[in-house]
Amino acid sequence: MKKVLAGAALAALSMNAFAADYSDGDIHKNDYSWSQFNLMWADNQLPQGNPDHSGHDYMEMEFGGRSGIWSLYGYVDVFNLTDSDSQDFSTTDGMFMKFNPRMSLDALTGIDMSVGPVKEVYFSTLFNWSGDASLKNSFWGVGADVDMPWLGTVGVNLYGLYDIKAKDWDGYQLSANWFKPFYFFENKSFISFQGYFDYQWGIDEVAFGEGKANQLKTDKGGAIFLGLYWHSDRYAVGYGLKGFDDVYGLQDGGIVGETTGWANYFSVTYKF
């Protein structure tokens, strides 16, 4: 699964990082919202237990915005839209959902917490659910909007992972995401470099016997998504390269199959 941040407001934010100032009491002055549908094709998405790696289509409803003290990003993915037997998601769970609410501590307290490149500070949460309820993860921590060279505003979050199904804390995650328009056309459309990374560590290892093939989880893992997209006011077309390394802390070559490698993502988007 991936993130494709979009919208003119986010493009402006990525180019012009500024300190949050809510001293006038107006916590809604930076409000905005966006939503879009992405029709996707994924080649070699991991984790993957299907040796054929036939790829799969999916529809993604993606949304985000800001309202007062709250910032939100999220998406809902529905896989294998035509229920094709030839796709590698044909016999597995068909949905995935991610919601990333963050509460601005600057807006909540009225105190300017910016310092150096840090422009705004958040209490940050993240929730991941699979459609068959086999995955229910929640993440709790702190976040910040950070002004980075060339990239502009980067959202950075540090979490502790609470596994809702296991009722247990299970490691940490460092995440970052960015949206950088870098080439503009005369018709005001543009090309952006956008993506994210998630890195987990301190995970409880889980094995069901001796040997790598019986290993479910290792102690660390991560993923990075690197995308190039063309954007207009209503449409976007893009390609993303995603790298996996024991993604979600799942052992590569273990019970769930391959969890390390590279995948290709192709998308066409309509923006609302």
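Every read-out reported here was derived from the displayed coordinates using simple, explicitly stated rules and does not represent laboratory data. The structure presented is a predicted model; accordingly, all values stated were derived computationally and were not measured. Cβ coordinates were reconstructed from backbone atoms using ideal geometry, including for glycine residues, and neighbour counts include every protein chain displayed.
Within the listed set LYS119, LYS242, LYS212, the Gaussian network model of the chain (springs between alpha-carbon atoms below 10 Å) gives the highest mean-square fluctuation for LYS212.
Of the candidates ASN187, ASN214, ASN137, which one comes out as most mobile in a Gaussian network treatment of the chain with C-alpha springs shorter than 10 Å? Among ASN187, ASN214, ASN137, the largest GNM mean-square fluctuation belongs to ASN187. All Cα-Cα separations within the chain were binned at 10 Å from zero, giving a P(r) of 7, 27, 35, 22, 7, 1, 0, each value a whole percent of the pairs. Phi-derived couplings, Karplus 6.51 cos²θ - 1.76 cosθ + 1.60 at θ = phi - 60°, listed residue by residue for segment 209-224: x, 7, x, 4, 5, 9, 8, 9, 10, 10, 8, 7, x, x, 8, 9 Hz, with x used for Gly and Pro. The largest-to-smallest principal axis extents of the Cα set in segment 117-272 are 61, 33, 29 Å. Across the cross-link table entries LYS119/LYS180; LYS119/LYS271; LYS167/LYS242; LYS98/LYS242; LYS167/LYS212, which are compared at the Cα atoms, the separations over 19 Å belong to LYS119/LYS271; LYS167/LYS242; LYS167/LYS212. Rounded to the nearest 20, the size of the Cβ-charge dipole of the chain about its Cα centre is 540 debye, with Lys and Arg at +1 and Asp and Glu at -1.
Segment 64-177: D in µm²/s via Stokes-Einstein (Kirkwood Rh, Cα pairs, 20 °C, 1.002 mPa s)? Show your work: numbers first, answer last.
Working: Rh = 15.9 Å.
Diffusion coefficient, whole number: 134 µm²/s.
Pairs of Cα atoms nearer than 8 Å and 6+ residues apart set the relative contact order; for the chain it is 17 percent. Distance from the Cα centroid of segment 216-244 to that of segment 137-167 is 17 Å (rounded to whole angstrom). With the simple spin-label model, which puts each label point 7 Å out from Cα in the Cβ direction, the ASP21 to ASP83 separation comes to 5.8 nm. Label-to-label distance, VAL76 versus ASN50, with points set 7 angstrom from Cα along the beta-carbon direction: 2.3 nm. Springs between Cα atoms under 10 Å define the GNM used for the chain, and in it the highest mean-square fluctuation of VAL121, VAL156, VAL237 occurs at VAL237.
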